[in-house]
Amino acid sequence: MSQVIRRTSVHEACAGVSLRSRGKVRDIYEVGGHLLLVTTDRVSAFDVVLPQGIPDKGRVLNGLSVFWLGHTEPIIPNHLVSASVDEYPAALAPARDALAGRSMLVRRLKPVPFECVMRGYLYGSGWREYQRDGAVCGISLPAGMQKAERFPEPLFTPATKAETGHDENVSEEFMANAIGAGLTRRLHDASRRIFAEGVAWAAERGIIIADTKFEFGLDDEGTLYLIDEVLTPDSSRFWPAEDYAPGRNQASFDKQYVRDYLSTLDWNREPPPPDLPGRVVAGTTERYRSIYRQITGAALPDAGA
């Protein structure tokens, strides 16, 4: 029976459970008073979900989030109830094999409507803003900085959460006007502390965390919780420290390998997307598995383990 379930998609296995939402990568189900977050192997590039999934991607993202939620719990509480399928409610019993290693049962909280982005290096959308404005999210920066140059101190740069398309970078002042100065200060402080802990841990393992985004939620009493994925290759930029040099593009452990391949094609970045060749799929899987090994110090457990 378990072999049949493992071949079955998570969505089919969870047919009797209420699907709350489906994102590019994550599926969220309602299970009694909790939510079930399921991280699939789907991969998107340029806001388009690609035809092929990346084997083990969902388990890597879920496993790293579980690791970091435990690692940062002394700093801030989080929404995790359990990531062990044996502890899930009876309603999920038929789907346990399909959910193992790629899901977590979490508390229902009120999400803060901003992503809390921490930037340690001038890269990505920050680099584009700097070239245009000499600033990132309203924070003025010295002239003459190079691409991928490290900031003297990490920047806290919020972003709105877009239902479709790209999130929009905003200033901390914009955030404070929207949700209040007090909550903004709490989010700023928590983000800095979590980022500092993650950066220090990764640096000891030869990894630079160039930037990342955190999400938070509030309970009815106003307690702040860390939620969603944490310090994964999909929410962060991980660079091998041994290859780092400012002034150029950086090697990475994430789906940038997929984007780089797609950028060589004559594709307008609109659906339908092109197929990914086997070598690109395999190379991306290895990058995800590699970052898991380096961060946790252990190989990714076999599926179903």
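The values are calculated or read from the model by the stated rules, or taken from the named source; none is laboratory data. From a predicted model like this one, the values you see are computed outputs, not experimental measurements. Note that we place each Cβ from the backbone using ideal geometry, even for glycine, and neighbour counts take in every protein chain shown. For the accessible areas, the whole protein counts, side chains as well, though only heavy atoms, and no ligand, DNA or RNA atoms are used. Shrake-Rupley method; radii C 1.70, N 1.55, O 1.52, S 1.80 Å.
Give the residue list of trypsin sites (Lys or Arg not before Pro) in the stretch 204-282 that are DSSP loop and have at most 11 other beta-carbon atoms within 10 angstrom.
Taking the stretch 204-282 and a limit of 11 other Cβ atoms within 10 Å, the loop trypsin sites (Lys or Arg not before Pro) found are R248.
Looking at (1) 6, 27, 35, 21, 7, 3, 1, 0; (2) 6, 26, 35, 25, 7, 1, 0; (3) 6, 30, 39, 21, 4, 0, which value of P(r) over Cα pairs in 10 Å bins from 0, in percent comes from a calculation on the structure shown?
Read-out from the structure maps to (2).
Quote to one decimal, in nm, the extra length available between A93 and E221 on full extension: 0.36 nm per residue of separation minus the C-alpha distance between them.
Value of the extension gain: 42.8 nm.
Name the long-range amide H neighbours of N78: under 5 Å, sequence gap of 5 or more, or other chain; modelled H, no Pro or chain starts.
Sorted by chain and number, the residues that satisfy this are L226.
Which part of the stretch 31-59 falls in the paramagnetic zone of R22, meaning amide N under 11 Å from the point 7 Å along Cα-to-beta-carbon?
Backbone N within reach: none found.
What residue among P113, V199, P233 has its Cα farthest toward the positive end of the dipole of the chain, where the charges are +1 on Lys, Arg and -1 on Asp, Glu, each on the Cβ?
P233
Using 5 Å bins from zero, what percent of all Cα-Cα pairs in the stretch 55-139 falls into each bin?
Once binned at 5 Å, the Cα pair distances of the stretch 55-139 give 3, 11, 15, 16, 15, 12, 12, 7, 5, 3, 1, 0.
Nothing charged except the Cβ atoms of Lys and Arg (+1) and of Asp and Glu (-1): what's the magnitude of the dipole of the stretch 99-234 about its Cα centre? Round to the nearest 20 debye.
Computed about the Cα centre, the dipole is about 220 debye.
Accessible surface of E153 in the full protein assembly, 1.4 angstrom probe, to the nearest 10 Å²?
The accessible area comes out at roughly 120 Å².
Taking a probe of 1.4 angstrom, what is the accessible area of R150 in Å², to the nearest 10?
Rounded to the nearest 10, that gives 150 Å².
What is the Cα centroid distance between the stretch 125-148 and the stretch 287-303, reported in whole angstrom?
Computed from Cα coordinates, the inter-centre distance equals 34 Å.
Amide H to amide H, which residues 5 or more places from G101 or on other chains are under 5 Å from it, using H placed in the peptide plane?
Close amide H contacts, sequence-distant or interchain: V85.
May I ask for the percentage of alpha-carbon pairs in the stretch 124-246 that lie more than 21 Å from each other?
45 percent
Could you tell me the calculated FRET efficiency between I139 and R259, based on Cβ-Cβ distance and R0 = 30 angstrom, to the nearest 0.05?
0.70
Taking the Kirkwood radius as the inverse of the mean 1/r across Cα pairs, report the Rg/Rh of the stretch 235-284.
Value, to two decimals: 1.03.
What's the carbon and sulfur percent of the chain's accessible surface, probe 1.4 angstrom, rounded to a whole number?
Ligands and nucleic acids excluded, carbon and sulfur give 49 percent.
Given +1 on the Cβ of Lys and Arg, -1 on the Cβ of Asp and Glu, and no further charges, what dipole in debye does the stretch 1-144 carry about its Cα centre, rounded to the nearest 20?
Dipole size: approximately 160 debye.
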